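**Q** First, the structure itself, so that you have it in front of you.
Bear in mind these aren't lab numbers, they're just calculated from the coordinates by the rules spelled out. Since this is a predicted model, take the numbers as computed values, not measurements. Positions of Cβ are backbone-derived with ideal geometry, glycine not excepted, and every protein chain shown enters the neighbour counts.
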Amino acid sequence: MLLVQSGSGLKNIGELICAVLLFLFVLFLAYLAARIAGSFQSNIVNKQANIKVIEVFRLSNNKLIEIVKIGDKYLAIAVSKDNVTLLAQLDEGSIKEQEKALEPINFKSLLEKIKNEKHNK
């Protein structure tokens, strides 16, 4: 025989609220980790660095060709697992450097946009 307890509904609602809050906390931690990792990767921490990677082209799993800016000079280098080789020094006029960095994602505006799209449907 199955007995229904009167407090089980409140217990289930409490567990659901705890699970949602835990999910939001984990989502917030993932957001913070992505922001911190992104700031290190995009050189925001050290904007006045003398060495800057302009472009990377992967030839194979562990072989790359990179265009780097060291001071005022542009260099093409080959990078493999064990060594780095200078391929050529490039003219500044032949480099198409992207000055505009990617804009950070604003989750609040993204969620509001999704919310507005749901209300419009």
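**Q** What is the calculated FRET efficiency for Asn120 to Ile36, with r their C-beta to C-beta distance and R₀ = 35 Å, to the nearest 0.05?
**A** 0.50
**Q** Between Ile77 and Leu22, what is the FRET efficiency for a Förster distance of 41 Å, r being their Cβ-Cβ separation, to the nearest 0.05?
**A** 0.30
**Q** Counting Lys and Arg as +1 and Asp and Glu as -1, what is the net charge of the other residues whose Cβ lies under 15 Å from the Cβ of Leu64?
**A** Around Leu64, the surrounding residues sum to 0.
**Q** What FRET efficiency, computed as 1/(1 + (r/R0)^6) with R0 = 35 Å and r the Cβ-Cβ distance, is obtained for Asn12 and Glu112, rounded to the nearest 0.05?
**A** Once rounded, the FRET efficiency stands at 0.70.
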